[in-house]
Amino acid sequence: MTDALQELLHKQAIYEVVLRYCRGIDRLDFDLVRDAYHPDGIDHHTGFDGTVDEFIEWVRPKLRTLGGTMHHIGNHLVELHGDRAISESYSTAAHWGAPGRDDFTSGCRYVDLMELRDGRWAIAERWAVREWTRSDAGRLTDPEGHGPRGRRDTSDPLNQLRARIGEGPVPT
């Protein structure tokens with residue numbers, strides 16, 4: 001395998017770590033969130049600093065008060081340094097449906113120290129750098145018609161499809 005191909009494979013693996021984290025947060029799949037980190041991973045979010053397990057316990061009740069979240073990853077740049085890498089991902093995340101609270105969208109950058117351990121890239125330390133937040137009060141409207149809707153339980157189309165092809169039990 002060429003060095004250029006190996007570099008691309010490492011960068012793709014790191015990108016997929018970021019995407020698994022976002023899917024886990026949006027679908028309330030905290031095992032998937034945990035899988036994006038090494039077991040001793042550290043997270044720094046607005047209002048939080050601690051281990052990945054502490055982060056999950058902190059964020060879980062906050063996310064469950066929301067009707068949903070949707071994280072979009074834009075720019076993604078990786079600097080490889082052997083078995084360590086710096087990953088910077090731009091994210092725009094919508095948050096909606098919290099009783100008594102305005103819907104909001106925020107822009108942030110995930111600045112990650114990624115490490116390759118036992119053949120697996122994962123987050124060793126993350127900084128969720130908040131760049132901006134805006135209120136989306138009164139901007140959400142009802143869906144334009146019938147069709148699939150995102151869910152944060154076993155009835156979500158992703159979970160149903162995973163169960164159908166035998167990818168194990170669907171997350172709860």
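The values are calculated or read from the model by the stated rules, or taken from the named source; none is laboratory data. These numbers come from a predicted model, not from an experiment. Quick reminder, even Gly has a Cβ in these numbers, built from the backbone with ideal geometry, and neighbours come from all protein chains shown. Please note that ligands, DNA and RNA were not included when accessible areas were found on the heavy atoms of the full protein model with its side chains. Shrake-Rupley method; radii C 1.70, N 1.55, O 1.52, S 1.80 Å.
Overview of values
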{"quantity": "Complete set of residues in segment 107-130 that are open to solvent by 60 Å² or more (accessible area, probe 1.4 Å) and assigned to a strand (DSSP E or B)", "calculated": "Arg117, Arg120, Trp127, Arg130"}
{"quantity": "Inter-residue pairs, beta-carbon under 6 Å, first modelled with pLDDT under 80 and surrounded by 10 or more Cβ atoms within 10 Å (Cβ to Cβ) and in segment 131-160, second assigned to a loop (DSSP other than H, G, I, E, B) and not basic (Lys, Arg), 6+ apart", "calculated": "Leu140/Asp103"}
{"quantity": "Index of the failed condition, Gly166 passing every other in (1) at positive phi; (2) in a strand (DSSP E or B); (3) not aromatic (Phe, Trp, Tyr)", "calculated": "(2)"}
{"quantity": "Residue in segment 2-32 that is modelled with the lowest pLDDT, counting only those that are among the small types (Gly, Ala, Ser) and over 19 Å from Leu66 (Cα atoms)", "calculated": "Ala4"}
{"quantity": "Count of segment 31-49 residues which are open to solvent by 10 Å² or more (accessible area, probe 1.4 Å) and either in a loop (DSSP other than H, G, I, E, B) or without any contact (Cβ under 8 Å) to a residue 60 or more places away in the chain (or both)", "calculated": "6"}
{"quantity": "Residue list for segment 22-38, filter: in contact with a helix residue (DSSP H, G or I) (Cβ under 6 Å, 6 or more places away or on another chain) and under 15 Å from Met114 (Cβ atoms)", "calculated": "Ala36, Tyr37"}
{"quantity": "Given (1) open to solvent by 80 Å² or more (accessible area, probe 1.4 Å); (2) part of a helix (DSSP H, G or I), number of the condition Glu79 does not satisfy", "calculated": "(2)"}
{"quantity": "Enumeration of residues in segment 50-76 that are without any contact (Cβ under 8 Å) to a residue 24 or more places away in the chain, of a type in the set (S, T, N, Q) and open to solvent by 70 Å² or more (accessible area, probe 1.4 Å)", "calculated": "Asn75"}
{"quantity": "Tally, over segment 82-106, of residues that are over 27 Å from His10 (Cβ atoms) and in a strand (DSSP E or B)", "calculated": "6"}
